[in-house]
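To start, the structure under review is shown below, and the notes come after it.
The values are calculated or read from the model by the stated rules, or taken from the named source; none is laboratory data. As the structure is a prediction and not an experimental result, all values here were calculated from the model. All Cβ positions, even for glycine, are placed from backbone atoms using ideal geometry, and neighbour counts span all protein chains on display.
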Amino acid sequence: MSQTEIKASSATLDRAAPYAFKKTMKPSTIIRWTLLFMGGILMIMPIVYLLSTSFKWSHEIYNLQIIPDEPTLDNYSFVLEDGRFYNWFFNSLIVAVSTTVSAVIFDSLVGYTLCKFKFKGKTFVFIAILSTLMIPTEMLIIPWYTMAVEFGWINSYWGIMFPGMMTAFGTFLMKQFFESVPDEFLEAARIDGLNEFQIWWSVAMPMVTPALSALAIFIFLGNWTAFIWPLIVTNDPQLYTLPVGLTTFSVEQSVEWELIMTGAALATIPTLIVFLVFQRYIIRGVVMTGLKG
Amino acid sequence: MANVILKKLTKAYGKTEVLHGIDLDVKDGEFVVFVGPSGCGKSTTLRLLAGLEEVTSGEIYIGDNMVNNLEPKERNIAMVFQNYAIYPHMSVRKNIGFGLRTSKLSKADREKRIDEVAEILSMTDLLERRPSQLSGGQRQRVAIGRAMVRDPSVFLFDEPLSNLDAQLRTQMRLEIKKLHQDIGTTIIFVTHDQVEAMTLADRIVIMKDGHIQQVGTPNEVYQTPKNMFVAQFIGAPSMNMLAGQLDGDGIKLNQSVKILARPKSDTKDVSIGIRPNALRIAEEGDEVLFEGTVSIIEPLGAEALIYVNLGYAEVIATVHGYVHPKPGEKVKLTAVKEEIHFFDSHSGDAIY
């Protein structure tokens, strides 16, 4: 390397170094990362504490240290050996899967109809569906309960599931997503001889898989963690869902937090699986790949 | 294959009528191109033909059947859309075979038909690919394949080349023309590009504001345009149009300029139209038609367009690409009198 070249490259380094230093030390960067870090800690702490408690003995649970002095797996053995846990788990699974399948189908069917068809009263129907979003769940519980009593749905899977079988939020979400499906796809299928139901199922639905995945995750999580309504509509322990069942670990004199936390830790497993299965569909946006924009 | 007849076809959206009584007879096996500016009703006519929109009044016949009340699938037509509309979640094979789902063919016959179409379109190697792995031209070919596979009576093309770049558009244009020569099916093609219309069509239908302006072969509409709109819409650059008045043995364009030619008409206000390629730089002994100053030059390679300011108007002339006047130079232009078109300035109708 010649003298001139060495001088030139060292000069480049001299210029580059202070720039790199400045870039990492920008105050806005520091503030941004600090806020993100704090947010991350806030989000993860309850989960860390839940997991930590599930490995503690009962006398240790009010000790806030994260790593237990004497970690134990006894809580997991107890919960998993208790037959009721499997029963609650199974009930939750039936409820969450059924409502998810139902809501995904009906929400997208109604959303598609509202989006792609012209008919009298369409706007009224849409506004009526949207307006139900403004009513808090607590206000709906009494009408739901009266309905469940009237139809004999107390202490039944159907009783737990029926309020979530179709959702206004899902209808709205799917309607908005179907807006992004160009009519030309549907018209092409119409010319190819498909009926309207076939067009919805084989053309429109595969194009909104990201929205369907997001909706499936929301609905599944909502129903998997639902507490108030399943508690109200069931009084038979055989029909308790997981969140309701876990409350039986608290008795009049004491609350067995370590068992509740263990049950809750086990209950997160299906939700994690659902998220991992569906999140790749959310990321993969497929709608525009068949079109020239 | 089938002929297509439109009788007094109208279409209205609410109280707004967008098509005002279209009459047209497309012969069996003919390649007809609808051309016109945006909003002229060409795509609406195509959609009515396809059954994607309801007819307000009038009749549509495909072959011997009136199809006004038939569903799109019952009309035995196939349509290729501007945005291709090929399904992104299906392979090329599934896309092409999609239209056969409702047919009564066996699976083996369906596969055979898909392979045949893929071979015609030189797509055999691409059958297992997804649309996202194809180029624009290949996607358009898949869309054409999906239309071909059902062996329809009529092909409808709705601006299928608009989204392709210039080179690919020329290539696909040739492919579509060759395809028509090979399969001979009736094709109705919509475009706003008059070059596409001229190069592809057996007959061109020129539309404006929901009316047909002229129907004719490419040569007919170019050489004998029915009115000023057709004259200026067909041909690039547009025909030069100059307003004047009948005066004795010629047409007076302004106080001092008079063209010594006149139509067989007594209409006083007459416009003359001359195509840029009919004008040339006048040589010694030529009758000078226009005199003016060159304002702009657009070189196109083998030829160049010169914009000549006449003082009372501006005309465009196509001249030799390498030897031409410079901006600011004075030029004299001439033309063969047979190349001058006359139009009634008020109605816009051609005077022959």
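Against the conditions (1) within 14 Å of chain B (Cβ to nearest Cβ); (2) among the hydrophobic types (A, V, I, L, M, F, W, C); (3) assigned to a helix (DSSP H, G or I); (4) under 24 Å from B:Tyr84 (Cβ atoms), where does A:Phe177 fall short? Just the number, please.
Against the list (1) within 14 Å of chain B (Cβ to nearest Cβ); (2) among the hydrophobic types (A, V, I, L, M, F, W, C); (3) assigned to a helix (DSSP H, G or I); (4) under 24 Å from B:Tyr84 (Cβ atoms), A:Phe177 comes up short only on (1).
Out of A:Thr146, A:Thr113, I need the residue that is surrounded by fewer than 20 Cβ atoms within 10 Å (Cβ to Cβ), free of Cβ contacts under 8 Å to residues at least 12 places away in the same chain, in the same structural domain as A:Asn91 (by TED's automatic domain parsing) and farther than 30 Å from A:Phe90 by Cβ. Which one? Even if it seems obvious, please write down each step before you answer.
Working: A:Thr146 fails: farther than 30 Å from A:Phe90 by Cβ.
None of the other options fit; the residue is A:Thr113.
Being in contact with a Leu (Cβ under 8 Å, 6 or more places away or on another chain) and part of a helix (DSSP H, G or I) is the filter; apply it to segment B:97-113 and report the residue that is surrounded by the most Cβ atoms within 10 Å (Cβ to Cβ). Before you say what the answer is, go through the steps one by one.
Start the filter on segment B:97-113 by keeping residues that are in contact with a Leu (Cβ under 8 Å, 6 or more places away or on another chain), which leaves B:101-102, B:110, B:113.
So of that shortlist, the ones also part of a helix (DSSP H, G or I) come out as B:110, B:113.
Numbers: B:Arg110: 16, B:Arg113: 20.
If we take residues in segment B:97-113 being in contact with a Leu (Cβ under 8 Å, 6 or more places away or on another chain) and part of a helix (DSSP H, G or I), then B:Arg113 is surrounded by the most Cβ atoms within 10 Å (Cβ to Cβ).
State all residues of segment A:181-208 that are touching a residue at least 60 places away in the same chain (Cβ under 8 Å) and either within 24 Å of A:Thr268 (Cα to Cα) or more than 12 Å from chain B (Cβ to nearest Cβ) (or both); if no residue qualifies, say none.
Residue satisfying the conditions is A:Trp200 alone.
As an exercise: evaluate B:Asp151 against (1) touching a strand residue (DSSP E or B) at 6+ places or on another chain (Cβ under 9 Å); (2) of a type outside the set (Phe, Trp, Tyr); (3) part of a helix (DSSP H, G or I); (4) farther than 19 Å from B:Leu52 by Cα and give the number of the one condition it does not meet.
It fails just one condition, (3).
Looking at A:Lys118, A:Lys175, A:Lys122, which one is of a type in the set (D, E, K, R), farther than 24 Å from A:Phe227 by Cβ, under 23 Å from the mean Cα position of the chain (by Cα) and in the same structural domain as A:Met207 (by TED's automatic domain parsing)?
Result: A:Lys175 is the single residue among A:Lys118, A:Lys175, A:Lys122 that is of a type in the set (D, E, K, R), farther than 24 Å from A:Phe227 by Cβ, under 23 Å from the mean Cα position of the chain (by Cα) and in the same structural domain as A:Met207 (by TED's automatic domain parsing).
Being at pLDDT 90 or above, in a helix (DSSP H, G or I), surrounded by fewer than 21 Cβ atoms within 10 Å (Cβ to Cβ) and among the aliphatic types (A, V, I, L, M) is the requirement here; does B:Met241 meet it?
Answer is no for this residue.
What pairs come up if the first residue lies in segment B:251-276 and is assigned by TED's automatic domain parsing to the domain that holds B:His341 and under 16 Å from B:Pro225 (Cβ atoms), the second is modelled with pLDDT under 85 and among the hydroxyl-bearing types (Ser, Thr, Tyr), and their beta carbons are under 8 Å apart, counting only those six or more places apart or on different chains?
The qualifying pairs are B:Pro263/B:Tyr352.
Table: residues versus (1) of a type in the set (Val, Ile, Thr); (2) under 30 Å from B:Leu48 (Cβ atoms); (3) touching a helix residue (DSSP H, G or I) at 6+ places or on another chain (Cβ under 7 Å); (4) within 11 Å of chain B (Cβ to nearest Cβ).
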site: A:Ser213; (1), (2), (3), (4): no, no, yes, no
site: A:Pro230; (1), (2), (3), (4): no, no, yes, no
site: A:Thr248; (1), (2), (3), (4): yes, no, no, no
site: A:Ile260; (1), (2), (3), (4): yes, no, yes, no
site: A:Ala267; (1), (2), (3), (4): no, no, yes, no
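Listed residues A:Leu42, A:Leu50; which is assigned to a helix (DSSP H, G or I), out of contact with any helix residue (DSSP H, G or I) (no Cβ under 8 Å at 6 or more places or on another chain), outside the structural domain of A:Thr241 (by TED's automatic domain parsing) and not β-branched (Val, Ile, Thr)? Explain how you work it out, then say what you get.
Values: A:Leu50 fails: out of contact with any helix residue (DSSP H, G or I) (no Cβ under 8 Å at 6 or more places or on another chain).
Selected residue: A:Leu42, the only one of A:Leu42, A:Leu50 that is assigned to a helix (DSSP H, G or I), out of contact with any helix residue (DSSP H, G or I) (no Cβ under 8 Å at 6 or more places or on another chain), outside the structural domain of A:Thr241 (by TED's automatic domain parsing) and not β-branched (Val, Ile, Thr).
Could you tell me whether any residue of segment B:169-190 is in a loop (DSSP other than H, G, I, E, B) and either under 12 Å from the mean Cα position of the chain (by Cα) or among the charged types (D, E, K, R) (or both)? Walk me through it before giving the result.
Residues of segment B:169-190 that are in a loop (DSSP other than H, G, I, E, B), as a first pass: B:184-185.
Narrowing the set further to residues that are either under 12 Å from the mean Cα position of the chain (by Cα) or among the charged types (D, E, K, R) (or both) leaves none.
No, because not a single residue in segment B:169-190 is in a loop (DSSP other than H, G, I, E, B) and either under 12 Å from the mean Cα position of the chain (by Cα) or among the charged types (D, E, K, R) (or both).
Checking A:Ile6 against (1) surrounded by 10 or more Cβ atoms within 10 Å (Cβ to Cβ); (2) at pLDDT 85 or above; (3) over 20 Å from A:Gly263 (Cα atoms), which single condition isn't satisfied?
Among (1) surrounded by 10 or more Cβ atoms within 10 Å (Cβ to Cβ); (2) at pLDDT 85 or above; (3) over 20 Å from A:Gly263 (Cα atoms), the lone unmet condition for A:Ile6 is (2).
Can you tell me which residue within segment B:48-70, out of those that are under 16 Å from B:Ala147 (Cβ atoms) and in contact (Cβ under 8 Å) with a residue 40 or more places away in the chain, is nearest to the other protein chains (Cβ to nearest Cβ)? Show your work before the answer.
Taking segment B:48-70 as the starting set, the residues that turn out to be under 16 Å from B:Ala147 (Cβ atoms) are B:49-52, B:62.
Checking which are in contact (Cβ under 8 Å) with a residue 40 or more places away in the chain leaves us with B:49-50, B:62.
On the way: B:Leu49: 11, B:Ala50: 6, B:Ile62: 13 Å.
Selected residue: B:Ala50.
Can you pull out the residues in segment B:71-109 that are within 13 Å of another protein chain (Cβ to nearest Cβ) and charged (D, E, K, R)? Before you say what the answer is, go through the steps one by one.
Restricting attention to segment B:71-109, the residues satisfying the condition of being within 13 Å of another protein chain (Cβ to nearest Cβ) are B:71-92, B:94-105.
Those that are within 13 Å of another protein chain (Cβ to nearest Cβ) and charged (D, E, K, R): B:Glu71, B:Lys73, B:Glu74, B:Arg75, B:Lys94, B:Arg101, B:Lys104.
What's the number of the condition A:Phe185 fails, among (1) in a loop (DSSP other than H, G, I, E, B); (2) more than 28 Å from the chain's Cα centre (by Cα)?
(1)
Output yes when any residue across segment A:156-170 is outside any helix (DSSP H, G or I), away from chain B (no Cβ under 14 Å) and buried (at least 20 other Cβ atoms within 10 Å of the Cβ), and no when none is. Spell out the reasoning first.
Pass one, segment A:156-170, residues outside any helix (DSSP H, G or I): A:156, A:165-167.
Now restrict to residues that are away from chain B (no Cβ under 14 Å): A:156, A:165-167.
Going one step further and asking which of them are buried (at least 20 other Cβ atoms within 10 Å of the Cβ), we end up with A:167.
Yes.
Restricting attention to segment A:220-270, which residues are in a loop (DSSP other than H, G, I, E, B), acidic (Asp, Glu) and in contact (Cβ under 8 Å) with a residue 24 or more places away in the chain? Before you say what the answer is, go through the steps one by one.
As a first pass, look at segment A:220-270 and keep what is in a loop (DSSP other than H, G, I, E, B): A:225-227, A:234-236, A:240-241, A:251-254, A:256.
This time we only want the ones that are acidic (Asp, Glu), so: A:236, A:252, A:256.
Those that are in a loop (DSSP other than H, G, I, E, B), acidic (Asp, Glu) and in contact (Cβ under 8 Å) with a residue 24 or more places away in the chain: A:Asp236, A:Glu256.
When you scan segment B:274-301, how many residues do you find that are of a type outside the set (D, E, K, R), modelled with pLDDT of 90 or more and part of a loop (DSSP other than H, G, I, E, B)?
Adding up the residues that qualify gives 4.
Select from segment B:119-132 the residues that are part of a helix (DSSP H, G or I) and in contact with an Asp or Glu (Cβ under 9 Å, 6 or more places away or on another chain) and write down the one among them that is nearest to the other protein chains (Cβ to nearest Cβ).
Restricting attention to segment B:119-132, the residues satisfying the condition of being part of a helix (DSSP H, G or I) are B:119-120, B:124-126, B:131-132.
Now narrow it down to the ones that are in contact with an Asp or Glu (Cβ under 9 Å, 6 or more places away or on another chain): B:120, B:124.
Values: B:Ile120: 19, B:Thr124: 21 Å.
Taking the candidates together, the pick is B:Ile120.
Regarding segment B:23-41, can at least one residue be identified that is over 22 Å from the mean Cα position of the chain (by Cα), over 28 Å from B:Gly184 (Cβ atoms), in the same structural domain as B:Glu159 (by TED's automatic domain parsing) and surrounded by fewer than 14 Cβ atoms within 10 Å (Cβ to Cβ)? So that I can check it myself, show each step before the final result.
The initial filter retains those residues of segment B:23-41 that are over 22 Å from the mean Cα position of the chain (by Cα), namely none.
No, segment B:23-41 has no match at all.
Scan B:Leu156, B:Leu168 and give me the residue that is in contact with a strand residue (DSSP E or B) (Cβ under 9 Å, 6 or more places away or on another chain), closer than 25 Å to B:Gln194 by Cα, within 13 Å of chain A (Cβ to nearest Cβ) and surrounded by 13 or more Cβ atoms within 10 Å (Cβ to Cβ).
Numbers: B:Leu168 fails: in contact with a strand residue (DSSP E or B) (Cβ under 9 Å, 6 or more places away or on another chain).
Exactly one residue qualifies, and that residue is B:Leu156.
Somewhere in segment B:298-314, is a residue loosely packed, with under 15 Cβ neighbours inside 10 Å, free of Cβ contacts under 8 Å to residues at least 60 places away in the same chain and on the phi > 0 side of the Ramachandran plot?
Within segment B:298-314 (the criterion being loosely packed, with under 15 Cβ neighbours inside 10 Å, free of Cβ contacts under 8 Å to residues at least 60 places away in the same chain and on the phi > 0 side of the Ramachandran plot), the answer is yes, since at least one residue qualifies.
Step by step: first the residues of segment A:28-76, then only those that are in contact with a Pro (Cβ under 8 Å, 6 or more places away or on another chain) and not polar (S, T, N, Q), then the one that is modelled with the lowest pLDDT. Which residue is that? Step through it out loud before you land on a result.
So the first thing to find is which residues in segment A:28-76 are in contact with a Pro (Cβ under 8 Å, 6 or more places away or on another chain), and the list is A:52, A:55-57, A:60.
Filter once more, so that each one left must be not polar (S, T, N, Q): A:55-57, A:60.
On the way: A:Phe55: 92, A:Lys56: 90, A:Trp57: 88, A:Glu60: 83.
Looking at the filtered set, the residue picked out is A:Glu60.
Assess whether A:Trp158 counts as being closer than 30 Å to A:Pro237 by Cα, aromatic (Phe, Trp, Tyr) and without any contact (Cβ under 8 Å) to a residue 12 or more places away in the chain.
On the way: closer than 30 Å to A:Pro237 by Cα: yes; aromatic (Phe, Trp, Tyr): yes; without any contact (Cβ under 8 Å) to a residue 12 or more places away in the chain: yes.
Yes.
Do you know which residues across segment B:86-115 are charged (D, E, K, R), farther than 30 Å from A:Tyr281 by Cβ and in contact (Cβ under 8 Å) with a residue 24 or more places away in the chain? Explain how you work it out, then say what you get.
Step one: of segment B:86-115, the residues charged (D, E, K, R) are B:93-94, B:101, B:104, B:107, B:109-113, B:115.
The next check asks that each one be farther than 30 Å from A:Tyr281 by Cβ; those that pass are B:104, B:109, B:112-113, B:115.
Listed by number, the list holds a single entry, B:Arg113.
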